[in-house]
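A.B. asks: First the structure, then my questions, so here it is.
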Amino acid sequence: MNKTILIFPAGMPQAVAFMQSRKNDDGRLIGASSLVLDPARQAYGDSDWLQLPFVNHADFDQSLLTAIQEQGITNIYTPHAVVWDYLNRLLPALAPAVSLLNTTPANAELDAFRVATQWARAVLEQPIAVAAQTTVKPDLPLLSIAALYRHVQDIPGMCDHEKLRALYEIARSCPTGDVVEIGSWWGKSAFILGHLAQSYDLGNVLCIDPWSETGIVSEGADSLVEAAFTHFSAEEAFGVFLVNLLPYSHGRLNYLRMPSLDGASYYASHDSVNNTVFGNTSYSGQIALLHIDGNHSEDSARADVAAWCPLVAPGGWIVIDDYSWPFGDGPRRAADAYLTSHQAEIATAFFMGGALFIQKKVQHP
């Protein structure tokens, strides 16, 4: 028998999201609200909407029982903590055959924060030794690390937890200077870099990305990548980047919407970036942390390395993302060539979370 699910209160954002995720399933979804005028009603058909009293009203129990019997309700979903608790105690006696689909909403609300705190505690209790040549600064407080983890989960993009840990560790041994990212797209790693730069007072962050369809797919990349990117809009990605980073910029982060090599020329000849979105941001012209995640063709990756790595300060870090990438080897070839030709300048290098991390020596021989 198909389920008939009552969603109550149907106007809460979590309730609307639940309805949308289940509307193609077999069975019937019925929205219910205690509000006389609930904007969520338009998402449901007239026959799939009920008016119920507030749970603390004397008529609620009987009204719910009548709805269950007349509509054949088999399950109830509620994202409201008070409603869930009341129904959890009421249903076994009122309608034993009807069950709640979700556990207490308190867990759903708090699980993400609990996971973030657990991750932060693991970072502090199980540190990763990166063999940095420079002085390693103290760990951030537990809550600051948890905040980094928690907020980065809300930004789309690809940066696994191992890479996040590695970025946190190298930030502790970075000198003072600019933090530059080549390839930002939706802004996930840009947020990470911005949080770490501010936490360790490294310097301001500059994101460089053309946000254009012509620069999305790497020449020679797996055809699966090319096919997947037909579903993406570069213009929309730029908007997503702005929305994600605007609350955290505070004059410490900005962008150049241009190809990497044009960005390198601009960076070398200007000491600030100014636009109507993030305002004016100053830069020192010396890079403390460089994150390369631009076009993944070998030629483009080599060009990025050649243009930007010389600008990294002694003791600074270079991160070449997707050093291990199942859809092509452009970043790996470019990184290996740099390791070979600049061996005398490199203090340490390690691989983690799909990226290669390289620290320059403080003093060249």
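A.B. asks: When Lys and Arg each count +1 and Asp and Glu each count -1, what net charge do the other residues less than 13 Å away from Asp178, Cβ to Cβ, add up to?
C.D. replies: Spelling it out: positives minus negatives among the neighbours equals -2.
A.B. asks: Next question, about the same structure. Cα-based Rg (one decimal) and Dmax (whole number) for the stretch 290-365, in Å?
C.D. replies: 11.5, 38
A.B. asks: Angle, helix 13-22 long axis vs. longest principal axis of the chain, Cα atoms, 0 to 90°, nearest 10?
C.D. replies: Helix 13-22 sits at roughly 80 degrees to that axis.
A.B. asks: Starting at the first residue of the stretch 298-306, write each ³J(HN,Hα) from the Karplus equation 6.51 cos²θ - 1.76 cosθ + 1.60 with θ = phi - 60°, in whole Hz, x for Gly and Pro.
C.D. replies: 4, 4, 5, 5, 5, 5, 4, 4, 5
A.B. asks: Report the per residue volume, in Å³, of the convex hull enclosing the C-alpha atoms of the stretch 9-131. Before the final figure, lay out the partial values.
C.D. replies: Numbers: hull volume 19.8 nm³, N = 123.
Cα convex hull per residue, to the nearest whole number: 161 Å³.
A.B. asks: If you don't mind, there's one more thing I want to ask. Please give the net charge around Pro127, taking every other residue with its beta carbon less than 13 angstrom from that of Pro127, where Lys and Arg add +1 and Asp and Glu add -1. Mind showing how you got there, number by number?
C.D. replies: Numbers: positive: Arg121, Lys137, Arg165, Arg172; negative: Glu125, Asp139, Glu169.
For residues surrounding Pro127, the net value is +1.
A.B. asks: Further question: Could you calculate, for the chain, the ratio of the Cα radius of gyration to the Kirkwood radius, expressed as Rg to Rh?
C.D. replies: Values: Rg = 26.1 Å, Rh = 23.6 Å.
Taking Rh as the inverse mean 1/r over Cα pairs, Rg/Rh reads 1.11.
A.B. asks: Roll a 1.4 Å probe over the protein chains and send me the accessible area per residue for the stretch 301-347 in Å².
C.D. replies: Working: 1890 Å² over 47 residues.
Roughly 40 Å² per residue, with all protein chains present.
A.B. asks: Which residues does the label zone of Phe351 cover in the stretch 120-139, counting backbone N under 19 Å from a point 7 Å along Cα→Cβ?
C.D. replies: 129-131
A.B. asks: Given springs between every Cα pair under 10 Å in a Gaussian network model of the chain, which of Ala197, Ala349, Ala106 has the largest fluctuation?
C.D. replies: Ala106
A.B. asks: Tilt of helix 81-94 relative to the longest C-alpha principal axis of the chain, in degrees (0 to 90, nearest 10)?
C.D. replies: Approximately 40 degrees, to the nearest ten.
A.B. asks: Quick one: helix 161-171 against the long Cα principal axis of the chain, what's the angle to the nearest 10°, folded into 0 to 90?
C.D. replies: Approximately 40 degrees, to the nearest ten.
A.B. asks: Another question, then. Once you put a point 7 Å from the Cα of Leu101 and another 7 Å from the Cα of Ala337, both along the Cβ direction, what distance in nm separates them?
C.D. replies: The two pseudo-label positions are separated by 5.4 nm.
The values are calculated or read from the model by the stated rules, or taken from the named source; none is laboratory data. On a predicted model such as this, the values are computed, not experimentally measured, just so you know. Cβ sites come from the backbone with ideal geometry, for glycine too, and all protein chains shown count toward neighbours. Side chains are part of the model used for accessible areas, which takes the heavy atoms of the whole protein and leaves out ligands, DNA and RNA. Shrake-Rupley method; radii C 1.70, N 1.55, O 1.52, S 1.80 Å.
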